[in-house]
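S.K.: This structure is in structure tokens; I'll ask about it shortly.
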Amino acid sequence: MDYETKWEELNARLRSREQLTGNITAALEELEIDQRRNGFIKNDLQSVTRIECQHPSNSELTFHIQINKRRAQRRGGAGITIPPRGERSVNNGCFLCRENIRWQQNQLQVGFHITTRTNAYYVWMNPFPLMPNHVVAAACDHISQAWRVNTDQPERLSLRCILGDFSEIARRLPGYIGFYNGVNAGASIPEHLHFQFFRRPEEKSIFPLELSEFRKLDCANKPEYSVDYPVPVARWSGLVEDVLEHAVVWITNWSADNQNRQAHLTFNVIITSAKHDETIALYFIPRVADRQWWNGDKGIVGGLELLGELVMASDDECALVESGQVDYHFIEQALAAVHTPFWIA
């Protein structure tokens with residue numbers, strides 16, 4: 001079947017699912033079935049093991065290990081890099097541009113076109129997933145992952161626009177968790193705006209970051225701050241519009257307060273969407289661009305790691321687990337490797 005015909009037929013079915021349910025969860029589950037059936041998704045997660053590591057003196061404090069050997073294969077990619085005759089590469093072969101995906105994945109990968117109040121996105125299945133129904137929502141336009149800091153960056157979207165899209169998509173995925181990883185903070189393609197989302201797993205569905213202690217300062221409209229987590233975290237929770245308004249103001253002010261090191265700063269934003277009401281929780285973690293690994297130049301720290309789940313994929317990483325070296329304090333130190341304070345005096 002012609003790629004464009006298949007795209008239109010599948011998207012028509014997915015839109016019908018969305019209209020029936022009022023959200024896009026059922027549509028993305030059907031998209032996953034399609035992409036598994038045609039062989040695009042390379043990992044069914046059946047071989048993935050998730051282990052809970054408790055603090056030696058406080059069983060309420062935990063981190064997770066995920067052993068996911070198939071994930072290591074993603075470095076080799078899931079497609080081709082040289083366009084066949086009759087095709088052309090755009091934006092240096094960007095792996096999130098639909099024009100490239102069609103030929104890179106031999107017409108196997110089909111996405112779901114969705115719109116927000118301000119933009120449009122293609123939702124693609126991750127061929128090497130970390131969690132159930134792991135998807136990437138990539139902007140239809142080839143625009144930067146970074147937000148606009150000043151007027152000299154017209155090619156970037158504003159922070160309000162990006163977080164607005166991020167939170168809107170999250171609300172259409174109740175019971176899901178999303179990541180907006182900054183440049184050099186887990187974003188695999190920093191030149192193209194994208195978010196990741198996944199459905200909560202049935203086991204160990206609540207993550208260590210969500211269970212950790214937060215403290216509210218006696219200031220109106222300010223976030224809660226993490227207490228004794230390996231990295232500093234600010235958290236807002238409530239209705240989408242309230243969270244968005246307060247978070248955008250705070251993050252904008254935080255960026256301005258760090259003008260002297262702004263060129264080196266990056267970030268992770270994590271969002272959780274409640275399953276049975278209209279609330280969300282938004283977590284913001286400051287990062288510096290030259291510290292994205294927990295193991296020297298290996299072991300990237302992205303959104304899932306900051307939730308408290310360290311992914312072990314390579315032979316060397318899995319050997320650490322098998323030898324008993326990975327425990328609560330090991331993971332605590334791994335996350336602390338990317339620690340940077342909100343402010344430096």
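S.K.: Working carefully through the options THR266, THR272, find the one that is modelled with pLDDT under 95, under 21 Å from the mean Cα position of the chain (by Cα) and part of a strand (DSSP E or B). Step through it out loud before you land on a result.
M.R.: Values: THR272 fails: modelled with pLDDT under 95.
The unique qualifying residue is THR266.
S.K.: In segment 32-58, which residues are under 16 Å from ASN126 (Cβ atoms), modelled with pLDDT of 95 or more and among the acidic types (Asp, Glu)?
M.R.: GLU32, ASP34, listed by residue number.
S.K.: Which residue, of ARG199, ARG171, is on the phi < 0 side of the Ramachandran plot and either at pLDDT below 95 or touching a Pro at 6+ places or on another chain (Cβ under 9 Å) (or both)? Outline the logic, then answer.
M.R.: Details: ARG171 fails: either at pLDDT below 95 or touching a Pro at 6+ places or on another chain (Cβ under 9 Å) (or both).
Just a single option satisfies the conditions, and that option is ARG199.
S.K.: Right, here's the next one. Being within 18 Å of ARG148 (Cβ to Cβ), of a type in the set (A, V, I, L, M) and either at pLDDT 95 or above or within 21 Å of the chain's Cα centre (by Cα) (or both) is the requirement here; does VAL248 meet it? Spell out how you get there, then give the answer.
M.R.: Values: within 18 Å of ARG148 (Cβ to Cβ): yes; of a type in the set (A, V, I, L, M): yes; either at pLDDT 95 or above or within 21 Å of the chain's Cα centre (by Cα) (or both): yes.
Considered against the rule, which asks whether it is within 18 Å of ARG148 (Cβ to Cβ), of a type in the set (A, V, I, L, M) and either at pLDDT 95 or above or within 21 Å of the chain's Cα centre (by Cα) (or both), VAL248 comes out as yes.
S.K.: Name the single residue that is modelled with the highest pLDDT among those in segment 69-93 being in contact with a Ser or Thr (Cβ under 8 Å, 6 or more places away or on another chain) and closer than 25 Å to GLU317 by Cβ.
M.R.: Per the criteria, the residue is LYS69.
S.K.: Could you tell me which numbered condition LEU310 fails, if it satisfies all but one of (1) within 13 Å of the chain's Cα centre (by Cα); (2) part of a strand (DSSP E or B)?
M.R.: LEU310 satisfies all of (1) within 13 Å of the chain's Cα centre (by Cα); (2) part of a strand (DSSP E or B) except (1).
S.K.: Here's something else I'd like to know. Contact list please: Cβ distance under 9 Å, first residue in segment 189-214 and without any contact (Cβ under 8 Å) to a residue 12 or more places away in the chain, second residue buried (at least 17 other Cβ atoms within 10 Å of the Cβ), pairs at least six apart or on different chains.
M.R.: So the pair list comes out as ILE206/ARG200.
S.K.: Any residue in segment 9-31 that's at pLDDT 95 or above: show its pairings with residues that are of a type in the set (Gly, Ala, Ser) and surrounded by fewer than 18 Cβ atoms within 10 Å (Cβ to Cβ) at Cβ separation under 6 Å, as long as the two are six or more apart or on different chains.
M.R.: Short answer, once both residue conditions are applied: ARG17/ALA26.
S.K.: How many of the residues in segment 39-85 are of a type in the set (Gly, Ala, Ser), within 25 Å of VAL110 (Cβ to Cβ) and in contact with a helix residue (DSSP H, G or I) (Cβ under 9 Å, 6 or more places away or on another chain)? I'd like the intermediate steps shown before the answer.
M.R.: We begin by selecting, within segment 39-85, every residue of a type in the set (Gly, Ala, Ser); these are 39, 47, 57, 59, 72, 76-79.
Remaining after also requiring within 25 Å of VAL110 (Cβ to Cβ): 39, 76-79.
From what is left, the residues that are in contact with a helix residue (DSSP H, G or I) (Cβ under 9 Å, 6 or more places away or on another chain) are 77-79.
The total comes to 3.
S.K.: Can you name the residue in segment 238-286 that is in contact with an Asp or Glu (Cβ under 8 Å, 6 or more places away or on another chain) and closer than 20 Å to SER205 by Cα and, of all such residues, is surrounded by the most Cβ atoms within 10 Å (Cβ to Cβ)? Give the derivation first.
M.R.: Let us first name the residues in segment 238-286 that are in contact with an Asp or Glu (Cβ under 8 Å, 6 or more places away or on another chain), namely 239-240, 264, 272, 281.
With closer than 20 Å to SER205 by Cα added as a condition, the list becomes 272, 281.
On the way: THR272: 23, ALA281: 19.
Per the stated criteria, the residue is THR272.
S.K.: Now for a separate question. For a quick check of your reading of the model, give me the residue pairs whose first member lies in segment 282-298 and is under 24 Å from ALA170 (Cβ atoms), whose second is surrounded by fewer than 14 Cβ atoms within 10 Å (Cβ to Cβ) and of a type outside the set (S, T, N, Q), with beta-carbon atoms closer than 8 Å and at least 6 apart or on different chains.
M.R.: Hits for this filter: PRO286/PRO341.
Residue by residue, here is whether (1) within 27 Å of GLU210 (Cβ to Cβ); (2) surrounded by 14 or more Cβ atoms within 10 Å (Cβ to Cβ); (3) within 20 Å of the chain's Cα centre (by Cα) holds:
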site	(1), (2), (3)
ALA12	no, no, no
ARG15	no, yes, no
GLU18	no, yes, no
ASN23	yes, yes, yes
LYS42	no, yes, yes
ARG50	yes, yes, yes
THR62	yes, yes, no
ILE65	yes, yes, yes
ARG70	yes, yes, yes
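S.K.: For the list (1) within 28 Å of ASN133 (Cα to Cα); (2) free of Cβ contacts under 8 Å to residues at least 60 places away in the same chain; (3) hydrophobic (A, V, I, L, M, F, W, C), I need the number of the one condition that VAL231 fails.
M.R.: Failing condition for VAL231: (2).
S.K.: Please find, within segment 215-228, the residue that is nearest to ILE285 (Cα to Cα) out of those that are surrounded by 12 or more Cβ atoms within 10 Å (Cβ to Cβ) and touching a residue at least 24 places away in the same chain (Cβ under 8 Å). Give the derivation first.
M.R.: Taking segment 215-228 and keeping what is surrounded by 12 or more Cβ atoms within 10 Å (Cβ to Cβ), we get 222-226.
Restricting the remaining residues to those that are touching a residue at least 24 places away in the same chain (Cβ under 8 Å) gives 222-223.
Working: LYS222: 15, PRO223: 12 Å.
Result: PRO223.
S.K.: In segment 140-165, what residues are surrounded by 22 or more Cβ atoms within 10 Å (Cβ to Cβ) and farther than 20 Å from ASN253 by Cα?
M.R.: Of everything in segment 140-165, just one residue is surrounded by 22 or more Cβ atoms within 10 Å (Cβ to Cβ) and farther than 20 Å from ASN253 by Cα, namely ASP165.
S.K.: In this structure, is TRP294 among the hydrophobic types (A, V, I, L, M, F, W, C) and either over 30 Å from SER59 (Cβ atoms) or out of contact with any His (no Cβ under 8 Å at 6 or more places or on another chain) (or both)?
M.R.: Yes, satisfied.
The values are calculated or read from the model by the stated rules, or taken from the named source; none is laboratory data. Quick caveat, the model's predicted, so the values are computed rather than measured. Cβ coordinates were reconstructed from backbone atoms using ideal geometry, including for glycine residues, and neighbour counts include every protein chain displayed.
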